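Undergrad: Please read through the structure below; I'll follow up with questions.
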Amino acid sequence: MEYRILIVEDDRSIAEAIAAHMAQWGLSAEMVTDFRAVMADFARVQPHLVLMDISLPFMSGYHWCSEIRKVSPVPVIFISSASENMNIIMAMNMGGDDFIAKPFDPGVLVAKVQALLRRTYDYGNAALLLEHNGAILNTGDSALMFNGQKIELTKNEFRILLTLMQNKGKVVSREKLMEALWQTDAFVDENTLTVNVGRLRKKLDAVGLKDFIATKIGMGYSVGCGT
């Protein structure tokens with residue numbers, strides 16, 4: 001399989017050099033470009049490993065590592081010129097798996113990445129992460145994360161949100177959503193769907209995700225394609 005690496009490094013020349021070297025070893029690497037929305041790229045790329053600088057615009061690598069740890073056990077290697085013992089200890093305490101100081105030998109970095117990938121994967125049961133407007137749905141534990149909060153979902157609420165986010169930008173018919181709910185072995189009719197969508201919306205509204213699910217009158221519901 002081809003492993004995916006997410007590079008969270010604001011020095012473009014360093015990030016590009018890392019990506020090019022990873023490619024030489026058959027590793028697919030993508031670089032974060034919007035350092036306000038690192039988690040959106042994390043959910044999009046679904047990386048097997050993250051290379052994380054400590055000093056970043058807006059929020060530090062420590063912050064983003066802790067955010068990743070809320071939704072995923074994916075390995076994180078910190079890369080930083082700040083190689084004092086306290087920074088290394090902090091990196092490990094925030095959920096990092098390894099640390100390499102700048103400037104580094106690209107071959108050493110690749111060796112560390114390959115060793116950590118070998119130790120970690122067996123990635124056959126990886127949880128899929130779906131993201132929209134900063135909200136991340138984790139299919140592994142059927143929960144939604146937003147602004148550091150974990151929103152617990154019932155089985156029906158999870159199935160509804162999963163179906164909508166898998167079809168982000170499209171209108172999903174009520175019939176398709178009811179088919180998804182049938183997988184829960186619950187009795188499903190039009191009223192059951194309406195009640196569950198209503199409860200889900202209240203949960204989303206309560207954490208600041210107002211109008212996350214749009215109603216398309218006569219058609220169904222949608223996430224990510226306007227009202």
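Derivation of every value follows stated rules applied to the coordinates shown; laboratory data play no part. Owing to the predicted nature of the structure, the values given are computational and were not obtained by experimental measurement. Every residue, glycine as well, gets a Cβ built from its backbone with ideal geometry; the counts of neighbours run over all protein chains shown.
Undergrad: Take every DSSP beta bridge whose two residues both sit in the chain, then give the antiparallel share in percent to the nearest 5. Can you show the working numbers first?
TA: Numbers: 17 of 33 bridges.
If I count the DSSP bridges inside the chain, around 50 percent turn out antiparallel.
Undergrad: Compactness ratio of region 129-222: Cα Rg over 2.2 N^0.38 Å, N = residue count?
TA: The reported ratio for this selection is 1.00.
Undergrad: I've got another one for you. Can you sort 121, 3, 221 from fewest to most other Cβ atoms within 10 Å of each residue's own Cβ?
TA: Values: 121 15, 3 19, 221 22.
Ascending Cβ contact count within 10 Å gives the list 121, 3, 221.
Undergrad: While we're on this one: Please give the charge dipole size of region 4-120, origin at the Cα centre, charges +1 on K and R Cβ atoms and -1 on D and E Cβ atoms. Round to the nearest 20 debye.
TA: 380
Undergrad: Once you've got the GNM for the chain with C-alpha springs shorter than 10 Å, pick whichever of 89, 217, 151 has the biggest mean-square fluctuation.
TA: 217
Undergrad: Under a Cβ-Cβ cut-off of 10 Å, what is the net charge of the residues other than residue 44 that fall near it, where Lys and Arg count +1 and Asp and Glu count -1?
TA: Working: positive: none; negative: 30, 41, 131.
Neighbourhood net charge equals -3.
Undergrad: I've got another one for you. Using +1 at the C-beta of Lys and Arg and -1 at the C-beta of Asp and Glu, which of 42, 89, 72 has the Cα lying farthest in the positive direction of the dipole of region 4-120?
TA: 72
Undergrad: Another question, then. Suppose R0 equals 30 Å; then what is the FRET efficiency for residue 154 and residue 63 from their Cβ-Cβ distance, rounded to the nearest 0.05? Could you put the intermediate results ahead of the total?
TA: Values: r = 31 Å, r/R0 = 1.03.
After rounding, the FRET efficiency stands at 0.45.
Undergrad: Of 104, 212, how do they rank once you tally other Cβ atoms within 10 Å and put the fewest first?
TA: Exposure proxy ranking, most exposed first: 104, 212.
Undergrad: So, with +1 on the Cβ of K and R and -1 on the Cβ of D and E, and no other charges, what is the size of the charge dipole of the chain about its Cα centre, to the nearest 20 debye?
TA: Working: 23 positive and 26 negative charges, 126 e Å.
Around 600 debye, computed over the chain.
Undergrad: Separate question: Note the listed values (1) 0.97; (2) 1.04; (3) 1.01, then indicate which one is Rg/Rh (Cα atoms, Kirkwood Rh) calculated from this particular structure.
TA: (2)
Undergrad: Kindly provide the GluC sites (Glu not before Pro) of region 1-63 that DSSP labels as loop, not H, G, I, E or B, and whose Cβ sees at most 16 other Cβ atoms within 10 Å. Please list the in-between numbers first.
TA: Numbers: sites: 2, 9, 16, 30; in loops: 2, 9.
Qualifying residues, ordered by number: 2.
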